[in-house]
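*Asks:* Dumping the structure here so I can ask a few things about it.
The values are calculated or read from the model by the stated rules, or taken from the named source; none is laboratory data. Please read all numbers here as calculations on a predicted model, not as lab measurements. Neighbour counts are summed over all protein chains in view; Cβ atoms, including those assigned to glycine, are modelled from backbone coordinates with ideal geometry.
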Amino acid sequence: MAMDIKPEEMLLDRAFSVLLLLIMTQAYRVVAVVIGIPEISYVTAFITVLCSIYIIYKLTLRKVRVEYAFLFFLAIFLFPSLTLIYTYDPDPRNFFIQLHYFLLFISSGLFFSSFHLPVRIFLAAFFISVFAMVLSIVQPGLFSSMAEMASARFDYLGRGSGLFLQPNLIAYNLILMMMLVLLCMESMRGKTFAALAVLFLGALFLTGSRGGMIAGTVLLVGALAVGRWAKNLQFALSALALLWIAVLIALSWSVATPSGIDLSLYLERVSSIFADDVAEHGSVALRLAFQHEFILRIYERPFLGYGLGSIDYMLETEQLIGAAHNQFLDSLLQYGLAGGAIMLACAFALYRRLSKVGEIRSSSFALILTATLALSMMGTNMIFSMQNFYVFLGFALMDRRSIGNLRATRIAKEGVSRLPAF
């Protein structure tokens, strides 16, 4: 028997969907600038409060749960917070930001457990993010106010950064959004997949993020290889090569126009991936040097690490010479092997859940998504500070037992039709 959904719960879900869209696209930065909020931390605190209200209200109405919630509570909030005890310079802000991530994760899971039309939200977030990214190339000055509020740059010498205010940050957020789109598409025809793939690859290309382009390519190769339309890996690689060619032709066409985009910066960054001396290139060589320093520090305290927030302290006191751009090294330095073991347990739990989510519902597709996340973590130290990562966890680990009844009731009450097949 279908469960009844109260009108106020429907209204709350709709309101949370708007909040989620603002979070996934970072469009709340625009709202903050318009309202005149001086610091982005105020917005983050307000979002945390809204997530808390949503969680309390939902839990009073329904007995729903998020799979492996305690394990992820331990990894996201409890263990990091406990490490503040022995960190050199404990900062209360680190405690509250970890709480923010956990509450966003739980509220997202509860939302997707009862509101089962997420593809519209994911697609909207993806398209808005791509549009803002292109706009940041054409008119970077439009983002100066947001950058000032967040103490960030807004002009990366032609690279797209969008509302995320950083090229690598938007690249990996686009990867997370694309993963969510692929997970929740009930069916996708080849033409639709090709159109999304071209847009996705083109956006990654314009960010100039080499790690993002590698991880995004692996994601698409994997999706092609295990998709219903694919026969073998050779087909997947051939199809992806054609997609990359289509992206480059489409982007090169813009150079012929008076307001065209200069592709030399992007082409140079892409081509450097295949260079024999790539490890000696400026930014790559620097990152390897930074990572070497991280490894030396990890050897000094391998089991429990230095605690939450210790990386910022070490950078300020010049114990480290630069960011590692590697989430694994970041985690090992802060949390040691103990924290690493907890995260490995989370990775295994996530893999098991991903194998039951989406159209393909296979261990192969789950392995591809997990590998994409691993590659992303190897290319940046930002994954665990991305709000989209916790939205992704919420969707992957949500409780699906009551979705059928809830969705049937919503359709009967509102006349909501199923999203047309792609």
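*Asks:* Which of the following residues is at pLDDT below 95, at positive phi and in contact with a helix residue (DSSP H, G or I) (Cβ under 8 Å, 6 or more places away or on another chain): TYR88, TYR156, TYR57, TYR68?
*Replies:* On the way: TYR88 fails: at positive phi; TYR156 fails: at positive phi; TYR57 fails: at positive phi.
After ruling out the rest, the residue left standing is TYR68.
*Asks:* Given the options ILE85, ILE175, ILE137, name the one that is touching a residue at least 40 places away in the same chain (Cβ under 8 Å) and within 22 Å of ALA396 (Cβ to Cβ).
*Replies:* Details: ILE85 fails: within 22 Å of ALA396 (Cβ to Cβ); ILE137 fails: within 22 Å of ALA396 (Cβ to Cβ).
Exactly one residue qualifies, and that residue is ILE175.
*Asks:* Which of the residues spanning segment 329-356 are of a type outside the set (S, T, N, Q), closer than 17 Å to PHE79 by Cβ and either touching a Gly at 6+ places or on another chain (Cβ under 8 Å) or without any contact (Cβ under 8 Å) to a residue 40 or more places away in the chain (or both)? Lay out the reasoning, then the answer.
*Replies:* Just the residues of segment 329-356 that are of a type outside the set (S, T, N, Q), to begin with: 329-330, 332-333, 335-354, 356.
Imposing the further condition that a residue be closer than 17 Å to PHE79 by Cβ reduces the set to 330, 332-333, 335-350.
Within segment 329-356, LEU332, LEU333, TYR335, GLY336, LEU337, ALA338, GLY339, GLY340, ALA341, LEU344, ALA347, PHE348 qualify.
*Asks:* Return the residues of segment 135-170 that are among the charged types (D, E, K, R) and crowded, with 20+ Cβ neighbours inside 10 Å; say none if nothing qualifies. Before you say what the answer is, go through the steps one by one.
*Replies:* Quick first cut of segment 135-170, residues among the charged types (D, E, K, R) only: 148, 153, 155, 159.
Residue satisfying the conditions is ARG159 alone.
*Asks:* Could you go through segment 87-99 and let me know if any residue there is of a type in the set (Phe, Trp, Tyr), in a helix (DSSP H, G or I) and over 27 Å from GLN319 (Cα atoms). Step through it out loud before you land on a result.
*Replies:* Step one: filter segment 87-99 for residues of a type in the set (Phe, Trp, Tyr), giving 88, 95-96.
Those still in the list that are in a helix (DSSP H, G or I) too: 95-96.
Narrowing further to those that are over 27 Å from GLN319 (Cα atoms): none.
No, segment 87-99 contains no residue that is of a type in the set (Phe, Trp, Tyr), in a helix (DSSP H, G or I) and over 27 Å from GLN319 (Cα atoms).
*Asks:* Same structure again: Working carefully through the options PHE112, PHE122, find the one that is modelled with pLDDT under 90, among the hydrophobic types (A, V, I, L, M, F, W, C) and crowded, with 22+ Cβ neighbours inside 10 Å.
*Replies:* When all the criteria are applied, what remains is PHE112.
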